[in-house]
Structure formats: C-alpha cells, structure tokens
Amino acid sequence: MARSPVWKSIADTLAGEIAVGQYHPGDKLPSEAVLAARFGVNRHTVRHALAALAEAGTVRSRRGAGVFVASRPTDYALGLRVRFHQNITASGRTPSRRLTLTETRAANREEAGALRLAPGSAVHVVEGVSLVDGQPVAVFRSVFDAGRFPDLLRHVVEIPSVTAALAQCGLRDYTRASTRLTAELAPAVMALALQVSEGAPVLRSVGVNVDREGVPVEFGTTWFAGDRVTLTLRPEDALALDQSAAQPA
C-alpha cells in the first residue's frame, strides 16, 4: 500500500489541530523551524505542507509576519444605512478602525462631482483601515464637504465612528444613494495594509451618502479583502437602492 507523502501527513495533522480548536482563527502557527523540528523533517517539507493548507484556505501567509489560521469571512450588509460598526457588531464580532490620514485639501474632479461642489472646493479626507477582531478587512477613503462640516476632522480623531462624528456636526441621519462594485487586484501598499499578498483579489465599493433632502454628504471608497468579507444585500434593500438610484439628481 502506497504511503502518503510526509508533507501531506503534516498538513493533515495541522488541519486536524485547527479543526479541534488547538489553533483558533487569527492565531499564528509555529515557525517553519519549530514545525520542522517537531515533525523531524526539513523546512522545505514543512513549507510544502503549509502551502497546501493555504491553497485549501485553512491558513493565510503574511509576508514578514508568519502563517496564521484563516478567519471566517465577515458578513457585511449593503443597504440604505451602511454602518461599519453596526454591521460588524450585529454579526457578533468586534469592529475597530485605524486612521492613516486626515486632511483638508481641494477636491479633485471626481470628488467635486460626487458631492455636487464647485471644482477645487475644500473637502475633508479621512483614510484608514477597518478591522474585525483585530484583523484588517478593508481599506477606506471618505470625502466630505469641509464647508458644511468644518469641525469634522476633530471629531473623527476623537470618536472612532464616522457616523457619531457626523452627528456631532449636526447630521443625525444619512442614507446610501448609490453603490458601485468592481473587482481589482491589491497593489503593494494596499496589500501591506490588509496583510495580504500583492495582487490578491479585493472588491472596491464606491458609494455616495446623502442627507434627508438628498444632498450628498459623503463620497466613499472601500477596498474589501476578497477572502475576508462576504457582501450581502437583502431584497428590500436592493429595491430601495434601485429606487433611490432612479431619483433625479
């Protein structure tokens, strides 16, 4: 009877230990050197086993950091009121955000058009990384009318929720007017922020949020790690978004 390759036996052993909870989602596996010593093989054999686990989606390799147990994808609902913290909390997981940029500058043509501003108008730009249970799941950029919300950046820095920061500026409610989804490959800088390989699939969402009078308040772009987020849309939300998109600008 033919024997299974040693690397496959190692992969099966590690997969079994992950399955019974010896290693949890997000946990770092022992290094190649430690695993090689444990199984009495060379590092090339261990590397082959880890590659098989990665291909099966059981683990994820982060350049320079090691190999980690893959987390289950996060359900992220798209609807008229898309709120990151509410979405993630509702799924029973812990949301957080890390800001990488807050600045005020002149709007480019796309931003001015989306927010219905005159070319070159001042806008606030907020960029950062969204995390679920401490793992990066998305990179985002949000652009706001600086004239309407002069103190927004101060509140964004003090309050982790953009929705709460806007409320401090007097905007109590807003809804999604449009959403465009496209697939892309992560460039190097984005891959580093998301802790994925360069060229990994990401899903880009471009949306415009409006107030109760239909005036744009936020032009946002989010790049979701393709293997960490499952975007969902309920039928009633799909109908509402379709009807809102049909309204005259």
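The values are calculated or read from the model by the stated rules, or taken from the named source; none is laboratory data. In this text the structure is predicted, and so the values were computed from the model without any measurement. Cβ sites come from the backbone with ideal geometry, for glycine too, and all protein chains shown count toward neighbours. Heads up: the accessible areas ignore ligands, DNA and RNA and are worked out on the full protein's heavy atoms, side chains in. Shrake-Rupley method; radii C 1.70, N 1.55, O 1.52, S 1.80 Å.
Observations, loosely collected:
- Residue match in region 189-206 (condition: over 23 Å from Glu111 (Cα atoms), of a type in the set (Asp, Glu) and out of contact with any strand residue (DSSP E or B) (no Cβ under 6 Å at 6 or more places or on another chain)): yes
- Hits in region 125-165 (condition: over 21 Å from Arg204 (Cβ atoms) and among the basic types (Lys, Arg)): Arg148, Arg154
- Restricting attention to region 100-115, the residues that are over 23 Å from the mean Cα position of the chain (by Cα) and in contact (Cβ under 8 Å) with a residue 24 or more places away in the chain add up to 3.
- Leu99 vs. criteria at pLDDT 90 or above and surrounded by 17 or more Cβ atoms within 10 Å (Cβ to Cβ): no
- Of all the criteria given as (1) open to solvent by 40 Å² or more (accessible area, probe 1.4 Å); (2) within 29 Å of Gly66 (Cβ to Cβ); (3) at pLDDT 90 or above, the one not satisfied by Ser197 is (3).
- Flag for Asp173 being more than 23 Å from Arg228 (Cα to Cα) and in contact with a Leu (Cβ under 6 Å, 6 or more places away or on another chain): no
- Test: Arg180 is open to solvent by 60 Å² or more (accessible area, probe 1.4 Å), closer than 21 Å to Glu110 by Cβ and at pLDDT 90 or above: yes
- Restricting region 1-46 to residues that are among the small types (Gly, Ala, Ser) and open to solvent by less than 40 Å² (accessible area, probe 1.4 Å), the residue that is farthest from Gln135 (Cα to Cα): Ala36
- Taking the listed residues Val206, Val202, the one that is out of contact with any Gly (no Cβ under 6 Å at 6 or more places or on another chain) and under 17 Å from Thr230 (Cα atoms) is Val206, with no other qualifying.
- None of Val162, Val202, Val215, Val156 is modelled with pLDDT of 90 or more, crowded, with 19+ Cβ neighbours inside 10 Å, more than 29 Å from Val69 (Cβ to Cβ) and among the aliphatic types (A, V, I, L, M) except Val156.
- Of everything listed in (1) surrounded by 17 or more Cβ atoms within 10 Å (Cβ to Cβ); (2) in contact with a helix residue (DSSP H, G or I) (Cβ under 8 Å, 6 or more places away or on another chain), the single unmet condition for Asn87 is (2).
- Among residues of region 102-128, those that are open to solvent by less than 50 Å² (accessible area, probe 1.4 Å) and assigned to a helix (DSSP H, G or I), counted: 4
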